[in-house]
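Down below is the structure, laid out as structure tokens.
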Amino acid sequence: MNAGSLNSSGTIKTRSHYPLQEQFIQRKSSKENLDRFIPNRSAMDFDYAHYMVTEGNKGKENPVLSSPSREIYRKQLAESLNMNRTRILAFKNKPPTPVDSIPHQISTHNQDTKPAKSRRFIPQTSERTLDAPDLVDDYYLNLLDWGSNNVLAIALGSSVYLWDATNRSTSELVTVDDENGPVTSISWAPDGQHIAVGLNNSEVQLWDTTSNRQLRTLKGGHRQRVGSLAWNNHILTTGGMDGRIVNNDVRIRSHIVETYRGHEQEVCGLKWSASGSQLASGGNDNLLYIWDRATASSNSSTQWLHRLDDHTSSVKALAWCPFQGNLLASGGGSSDRCIKFWNTHTGACLNSIDTGSQVCSLLWNKNERELLSSHGFTQNQLTLWKYPSMVKMAELTGHTSRVIFMAQSPDGCTVASAAADETLRFWNVFGAPAAATKAAPKARTEPFSNVNRIR
Amino acid sequence: MAARTVAKDIITLRGSAAIVSEFFGYAANSILYNRGVYPEESFVKVKKYGLPMLLTEDEGVKSFITNLTAQLSEWLEAGKLQRVVLVIMSKATSEVLERWNFSIETDSEVVEKGVSREKSDKEIMREIQAIMRQIASSITYLPCLDEPCVFDVLAYTDKDVAVPFTWIESDPKLIANPQMVKLHSFDTKIHKVDTLVSYKNDEWDEQ
């Protein structure tokens, strides 16, 4: 056949040069990926192809092999550009754009972030490690807090130390007497000046950190150690081993204004919502309570808003979502290992994720929809989760024992974690805006200077 | 071929227009579902063309497609429709990511003289079924639409068509250097519909 002879002569021509190379080059440079073309006999234009092979080349100046797809493209181009013959019309009313319905949120969420910013680099190692000797390895305590003044407070044994993140200086605030100690909880007041120190002897001390002076001692609220503290303006809420939760008005002499009774065992998690209207409390009795500030009566025991018994282990880790007022994340202990999400208005459990390890503490990222959890056996890791998909974004390992406490810097970028391995580590896990890069150490003169001693 | 001799079915221009416009309705629904332009749960399953087809439940999309097919059917009966293009664009950038191109060849003799043709319903359905299967399977080779998308429909008509009140003239919304895959076609003997999907070249293949 004529076509065959022409074809073969063409190949002979190319073969006389570089047999293999030529073919490769041809394939590479070809703009159409012919292997992606799904053959369809009716679409092949065999008649046309036959014509091109047999007759078409005769009169043509450039014997370009025309592929069916290129031909279609050319036809399409010609037709679409040929405005004289055709009119292109579209509806004035555009179809409705797809709404981001709630179940669809997961995928749109990913889609939203993808084009906006490339994946943030999350350092896998801690930025700084400090020694924290005598840190009490007790799941039910709360011994780490980062104040709005950018000073980190940590209780080691019977002492409270302050570490100023701005100039990285360490100072000792107080060492309580051995019969009163150890310190079982600390919490910065929102002003960043005052700090509440809960003690093993059921008392709570209030300190002014600017003058290093004790202001007052709150007594009589509890009969056992005070393991959890939470501020709501001038109200200091204390949770005790006796299962009681007490609202203390720190301005007035008879400071006990309300008592919340519900827990039957030690209260280890205590957090006010950002609006200050709801209090979440978790206890060793595996219960999570939501209390409403507005319905709290001034005299006696107050009824809870919700009593949530879904966790199967003690509930210590609590975190209110910064971008959704009624969303609470809670984490269960070693036999539960779940992070649960709650709508605190309705008491509905929105999601539950088994993390595979006890959840010691939870922190929301203030800048992104992310949640950080700290864990114990087996990895002793910090896990960063995307919310609401709960895709693991990072697992930060380094601690060699369970990470019982976490605290977030006031700019929301850095997280401090204290573990039973008696170290305090700082992680730049929540992104690094300008403020965070400023805070990062410029140069390390000594090879081991990043391991500072707190005392 | 055998089917044609067994059952001699008469097809009129009106009937052909109805088949073709109905086909567009189902094809558009199928594309919107398979390409994930609208959430999966907004579609319901119906039986059509011997296949399970998915139809949107979204009132807005539904009425859009209904209005569209009604207008297309009118143009098809007049023999003025050359092509229908369903364009999928990025919601954020309005970049055209995919173009589903249905070109229509109309038998002018039928339109002018009002004669009818012969082709069995069954055969046409079988041809449409093949296209629908191809649309559903297209997800295997089309690039992922990993961002929120919107769609639009363009109708290519003859120049002498009066623009209906609800329509406006548009640009062709072409894709630069596209990949193209031609699907099956079907023919009612009055309207021949060729289906072709063109899509943005994957950057992967460029290297």
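Observations on the model:
- Averaged over the residues of B:141-148, the number of partner chain Cβ atoms lying within 10 Å of the residue Cβ comes to 3.
- Flagged links, alpha-carbon separation over 20 Å, of B:80/B:159; B:62/B:159; A:340/A:386; A:316/A:340: B:62/B:159
- Of the trypsin sites (Lys or Arg not before Pro) found in the range A:278-380, those that fall in a DSSP loop while having at most 16 other beta-carbon atoms within 10 Å are A:366.
- Relative contact order %, the range A:128-427, counting alpha carbon pairs below 8 Å whose residues are six or more apart: 12
- Radius ratio Rg over Rh of the range A:141-198, counting only Cα atoms, Kirkwood formula for Rh: 0.96
- At least 18 Å along the helix axis (C-alpha) and Kyte average at least 0.5, DSSP helices within chain B: B:13-34
- Centre-to-centre separation between the Cα atoms of the range A:136-158 and those of the range B:106-152: 68 Å.
- Average other protein chain Cβ within 10 Å of Cβ, residues B:149-158: 5
- Alpha-carbon gyration tensor eigenvalues x 5, square-rooted, for the range A:254-327, Å: 19, 17, 10
- Taking N as the residue count of the range A:128-427, its C-alpha radius of gyration divided by 2.2 N^0.38 Å amounts to 0.91.
- Mean projected area of the convex hull spanned by the Cα atoms of the range B:101-197, taken over all viewing directions: 8.8 nm².
- Spin-label pair residue A:323-residue B:92: with each label point 7 Å from Cα along the Cα-Cβ axis, the two points sit 1.4 nm from one another.
- Virtual spin-label span in nm between residue A:367 and residue A:389, 7 Å along Cα→Cβ: 2.0
- Shielding by other protein chains, B:164-172, mean Cβ within 10 Å: 5
- As a rough footprinting exposure proxy, the listed residues A:250, B:181 were ranked by other beta carbons within 10 Å of their own, and the order from fewest upward is A:250, B:181.
- For the range B:9-199, Kirkwood radius (reciprocal of mean inverse C-alpha pair distance, Å): 17.1
- Simple label model, 7 Å out from Cα along Cβ direction - residue B:133 to residue A:179, nm: 9.0
- Near-label residues of the range A:267-283 by backbone N, under 17 Å of a point 7 Å along Cα→Cβ of residue A:292: A:273-281
- Between the alpha-carbon centres of the range A:330-391 and the range B:38-84 there is a gap of 44 Å.
- What the Cβ-Cβ distance of residue A:216 and residue B:163 gives, at R0 = 60 Å and to the nearest 0.05, is a FRET efficiency of 0.15.
- Legend: ranking of residues B:48, B:182, B:159 from fewest to most surrounding C-beta atoms inside 10 Å; resulting order B:159, B:48, B:182.
- Neighbour-count ranking [beta-carbon atoms within 10 angstrom, fewest first] of A:216, A:70, A:251, B:83: A:251, A:216, A:70, B:83
Values in this text are rule-based calculations from the coordinates and carry no lab data. The shown structure was predicted, so the numbers you read here are calculated from the model rather than taken from an experiment. Using ideal geometry, Cβ is built from the backbone for each residue, glycine included, and neighbour counts are taken over all protein chains shown.
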